[in-house]
1. State which residue pairs qualify: first residue more than 15 Å from ASN66 (Cβ to Cβ) and of a type in the set (Val, Ile, Thr) and inside segment 23-51, second residue exposed (fewer than 14 other Cβ atoms within 10 Å of the Cβ) and modelled with pLDDT under 95 in any location, beta carbons under 9 Å apart, and separation of 6 or more residues or different chains.
2. Suppose we keep only residues that are without any contact (Cβ under 8 Å) to a residue 60 or more places away in the chain and either part of a strand (DSSP E or B) or of a type in the set (Val, Ile, Thr) (or both) within segment 63-77. Which one would you say is farthest from LEU12 (Cα to Cα)?
3. Specify the residue that is surrounded by the most Cβ atoms within 10 Å (Cβ to Cβ); the eligible residues are those in segment 39-62 that are on the phi > 0 side of the Ramachandran plot and assigned to a strand (DSSP E or B).
4. Among the residues of segment 9-22 satisfying the criterion of being surrounded by fewer than 10 Cβ atoms within 10 Å (Cβ to Cβ) and not β-branched (Val, Ile, Thr), which is nearest to ASP68 (Cα to Cα)?
5. Please specify each residue of segment 19-33 satisfying the condition of being more than 14 Å from MET1 (Cβ to Cβ) and outside any strand (DSSP E or B).
6. Report yes if ALA36 is within 13 Å of TYR77 (Cα to Cα), over 11 Å from the mean Cα position of the chain (by Cα) and outside any strand (DSSP E or B), otherwise no.
Amino acid sequence: MTLKIISAEDILFEGEVTSVTLPGSEGLFTVLHNHASLISTLVSGDIRYVQDGHEVGVPVSGGLVNVDNNVVSVCIY
C-alpha cells in the first residue's frame, strides 16, 4: 500500500509500505493492505511504518488520516 505523509511545508514521505501504525484520538491503530476505508484524527505521538522490513518512526503533534483503496494519506501539523 502507499503511504503519504504531508505537512503544510513539505511532503515528508511517499512510498510503498507493509503496515502503518498511527496515534488515533481513541488509541493506536494499525493499517494493513486492503484495510477498510476510514478517516480519523491523530494526536501527539509517532507514526510508525514498515518499509522493506525496517520500521521507521515519524513524530507528530496531531493531524488527520484518510485510508482508501490501499492509499494512506496523512496530513500532519
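1. VAL43/SER25
2. ASP68
3. Only one residue fits best here, namely GLY45.
4. Once the filter is applied, the top-ranked residue is ASP10.
5. Here is the first cut: in segment 19-33, the residues more than 14 Å from MET1 (Cβ to Cβ) are 23-29.
Correct list: SER25, GLU26.
6. no
The values are calculated or read from the model by the stated rules, or taken from the named source; none is laboratory data. If you're wondering where the values come from, they're calculated on a predicted model, not measured in any experiment. Counting neighbours? That spans all protein chains shown, and the Cβs are built from the backbone with ideal geometry, glycine included.
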